[in-house]
Structures are given as structure tokens and as C-alpha cells.
Amino acid sequence: MHPETLAIRTQAARSAHREHAVPLYLTSSFVFDDAEQARALFADEIPGAVYSRYSNPNTDEFTEKLRLLEGAQDGLALASGMSAVFTALASLLGQGDHVVAGRAVFGSTHQLFTRLLPKWGIAHTYVDGADADAFASAITSRTRAIFVETPSNPGLELVDLAALGALARARGIPLVVDNCFATPAITRPLDHGASLVVHSATKFIDGQGRVLGGAIVGDAALVADARYLARHSGPALAPFNAWVLSKSLETLALRVERHAANALTLATALEREPGVRCVRYPFLPSHPQHALARRQMRWGGGVLTLEVDGYARARRVLDALALCSHSPNLGDTRTIVTHPTSTTHSKLSEAERAQVGITPGLLRVSVGLEHPEDVLADLRGALAASA
Ligand SMILES: Cc1ncc(COP(=O)(O)O)c(C=O)c1O
């Protein structure tokens, strides 16, 4: 069946009430029929719910849908995108190991690589994600994972997944892809040779800015290792959040297509707007990796960046917005504008930001589902007021 159908028709088994929409299983644990069943469940001899830190019908349903949409063997739901990124890396890497990462990554992922993983003796090498050869040169005998984000947050840099997937498979090193910006509606990294996909479900998967959530999907053996780590370290997704996210997956393809159409309309118009130095969007011909974007992405995604004249002007634009929200989230029905330099990427040094294209005047726009003419009018007004 097609992804749209799978996202809608995959559902937890009906209860005795024959409900149409799946109920919310707000329960910490599940009851054993008898002593033998309890033993067998704990021994993993039979499937079934035991305790909501391990699994729950709502988290299972959400995971199963995402597994099908990404074309994965197995999957695991987690409390947030960062718990997914951390659990994936921590299950692959141990003391003395090394990870090669595309240098354009989300701010908290950067903190993991530079401050937290080194505490456990795990080293990293950052490479330019646009340079396919750089990954091969950075691999050492201790490299146990390759990690990339594509398109990256917020610079919208792409990584050639087919080339990197082939390299990773040839060298026997798992490739982990943060697919938060593209979602499986646009790109399925496992089809290109990735071993694991991680998600911040908080973004386009929820799509309405309500709950935090995360997931890991991919090769069964690697997901099993991640599940073991999560089961014993505890970043379980709450059943309520899973219920919301599973419902949201039903409309993912529909929403992402419209986000992308609105974003392309805005990006095209903003490129001609006075006061805008540069617009970056994967499906604009001016994007440096436009050909790759057309090859690898079904649509251009819901995020664009625009650059204005410096830090002070960027802040004046934010303060002059009347319709768009000024908030750190993205992937919402509401258009959200963020200034990475002073918020999401403020912990990076200026040099580190410059390397991944985050200039002081850069604004990230997560284009929502409002009418694009209304959003454009608001951005135009804010740009004019900031002059
Ligand atoms: C690309 C990317 N990965 C991971 C995360 C972290 O997700 P969460 O906030 O759900 O922990 C974010 C959050 O913005 C993100 O943009």
C-alpha cells in the first residue's frame, strides 16, 4: 500500500469496545494472566506489553507507522528528538570509539559531540557534509558511526545520501541520518544505504507544536541495541504524546506537501525583496546543491532561511512581525521565525557558526500552513519596518 494509506490504516488492535479511533492507554504497567506469562514476557519469549517504559500500545502504534513510512526493519519511540540522537549514538559508540559527522548539525547535537560524548572517551571528526570525499578521509580504524543531518538545521545544507550510504556500507560503518527536516514524505535515508534514521517527532511529525517526541528506525539488530539502552536508561515516550504523534502521521504527507509549496512560493518572492541579502531553500535554483535536492528530495521541505543586514537588523525584523510567531520550534502549522545566532545556535562560537553558514543576520523561517500571501505580507512589513 501507499504511505498515505499505511499512515492512516495502521492501528493498534481494537479493544473489546470496538472503537474506531485508537484509545489512549494511560497505564504504567500491564496485568499478567498468570505466573508463567509473567516469566515468559520478561524472558522475551512471547510478545506483549509489560511496563510503559518498555512499550505501550500507543507508542507501538506510532513506531509501527513510522517504521513503515521509512521502510525500516524495526523502530523505537523516544521522549524527544535529542533522546533519539543520544540513544542512537550511545548504543553504537563506546569508550575509544570515533564518529565522523557532517559539521552542520542542530545545536544540541553539536553539544553532544563536543562536550558530552568526549566525557566517555568518544571522539568525533566534523567534515563538510557537501564534500563526499571528506567522509572517507576522516574514517579511522576506531570509527563506529557516521552521522549527518540533511537538510541541516538551519543552514539547509544537503548530504548526498546515495554516495555516503554506499561508502558506509562498503566500510561496514553504520550511517545515522537525522531526518527531521525532510521526514519520510520527502526522503527515505534507509533506501540510500543508511542504517538508522533518527527523528525529532516534535517538528513536522507532530506538525502542530503540541508535544515532544522522538524515534529511531532502521536495521533490526541496531534498533535492538538502542532498545536495550533505552529500556534501561529510561527516555520512554509518554503514551499521550505517542497518541498525538500517531494521529499526526495520518496527515504527514498532506501537510508536508503544502508546507513545501508555501515555502517555495515565499522563497521565490523573498529572493526579489529589498533588504534580503540571500534566500536559501533547497528547491530554489540558487541553492548550491539544487541538483542534489531535486534528486534526493520529493519536495523542498518547509524551512527556508533569509539573510538580512546584520544582527541588529535581524532582531528588528523579529520585533516587527505581526502574524508570524517568534519561537524556537519549527514544523508547525503556524509560520515561525527564529534567529539561530541568539537562540538555537548561541552556544556555538562565532567561527563555528560561520563554518555552517549561520551569519548574525540569518533568520530561519519554518513556513506554516497559513495562506502564503498573508505570511509574505507580514515578512515584507517586518523587513520594511526594520530598514
Ligand atoms: C534537526 C534536529 N534534530 C534534533 C532536534 C531535537 O529535537 P527535540 O527538540 O525533539 O529534542 C531538533 C530540534 O530542533 C532538530 O531541529
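Where a number appears in this text, it was derived from the coordinates with a stated rule and is not lab data. From a predicted model like this one, the values you see are computed outputs, not experimental measurements. Every residue, glycine among them, receives a Cβ derived from its backbone with ideal geometry; neighbour counts consider all protein chains shown.
Listed by chain and number, the lysines whose C-alpha is less than 24 Å from the C-alpha of LYS203, apart from same-chain residues fewer than 8 away, are LYS65, LYS247, LYS347.
For the chain, the relative contact order is 17 percent, taking Cα pairs closer than 8 Å that sit 6 or more residues apart in sequence and dividing their mean separation by the residue count. Extension gain, GLU250 to ARG171: 0.36 nm times the residue separation minus the Cα-Cα distance gives 24.7 nm.
Per residue, the chain reaches -11000 deg cm²/dmol at 222 nm when only DSSP H runs of four or more residues are counted, each adding -39500 (n - 2.57). Computed on the range 179-323, with alpha-carbon pairs under 8 angstrom and 6+ residues apart, the relative contact order is 22 percent. When the Cα positions of LEU93, ALA224, LEU68 are compared along the charge dipole of the chain, LEU93 comes out farthest toward the positive end, with charges on each C-beta of Lys, Arg, Asp and Glu.
When the label point is put 7 Å from the Cα of ARG380 along its Cα-to-beta-carbon vector, which residues of the range 257-279 have a backbone N closer than 19 Å? Once the point is set 7 Å along Cα→Cβ of ARG380, 262-279 turn out to lie under 19 Å by backbone N, inside the range 257-279.
Once the Cα atoms are used to define both axes, helix 81-92 deviates from the longest principal axis of the chain by about 60 degrees. Note the angle between two axes, namely the Cα long axis of helix 220-233 and the longest principal axis of the Cα atoms of the chain, as a number of degrees from 0 to 90, rounded to the nearest 10. The angle comes out near 90 degrees. Given their separation in residues at 0.36 nm each and the Cα-Cα distance between them, LEU6 and ARG294 gain 101.2 nm when the chain is fully extended.
In whole angstrom, note down how far apart the Cα centers of the range 1-50 and the range 179-244 are. If you average the Cα positions of each part, the centres end up 19 Å apart. Subtracting the Cα-Cα distance of ALA312 and ASP219 from their residue separation scaled by 0.36 nm leaves 28.8 nm.
Taking the chain as the reference, fit the longest principal axis to its C-alpha atoms, fit the long axis of helix 310-320 to the helix C-alpha atoms, and give the angle between the two in degrees, 0 to 90, nearest 10. The two axes meet at around 70 degrees.
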